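Trainee: I'd like to ask some things about the structure below.
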Amino acid sequence: MISHSMNSVQTDGLLTEKKVAEILCCSTPLLRKWRNLGLGPRYCKIGRLVRYAATDIEVFVKESYKEVA
């Protein structure tokens, strides 16, 4: 039985594939391709569901900036 007092697990701020695709202005198939290739933002698999933490999307965007010479 799973305890409902799991203080260390944050489920607030978990985003769906569709929402992340909207945020990143890309398609859900592209997100799936990135996952299969080991690219893209960090994600969490809960059973068959794929979820993304909002903070991981922020990190992905910040790390995607390129320096201009």
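Trainee: Quick one: Karplus J couplings for the stretch 28-34, per residue in order, coefficients 6.51, -1.76, 1.60, θ = phi - 60°, nearest Hz, x for Gly and Pro?
Mentor: Taking θ as phi minus 60°, the curve returns 5, x, 5, 4, 5, 4, 4 Hz for the stretch 28-34.
Trainee: What number comes out for the charge environment of Lys18, summing +1 per Lys or Arg and -1 per Asp or Glu over other residues with Cβ under 13 Å away?
Mentor: My count for the surroundings of Lys18 gives +1.
Trainee: Go through 57-66, 25-34 and give me the packing order, highest mean Cβ count within 10 Å leading.
Mentor: The peptides rank, most packed first, as 25-34, 57-66.
Trainee: Average the reciprocal distances over every distinct pair of alpha-carbons in the stretch 9-57, invert the result, and give the Kirkwood radius in Å.
Mentor: 10.9
Taken together, the values in this text are just the output of simple stated rules run on the coordinates, not laboratory data. As the structure is a prediction and not an experimental result, all values here were calculated from the model. Note: ideal-geometry Cβ built from the backbone for every residue, glycine included; neighbour counts use all protein chains shown.
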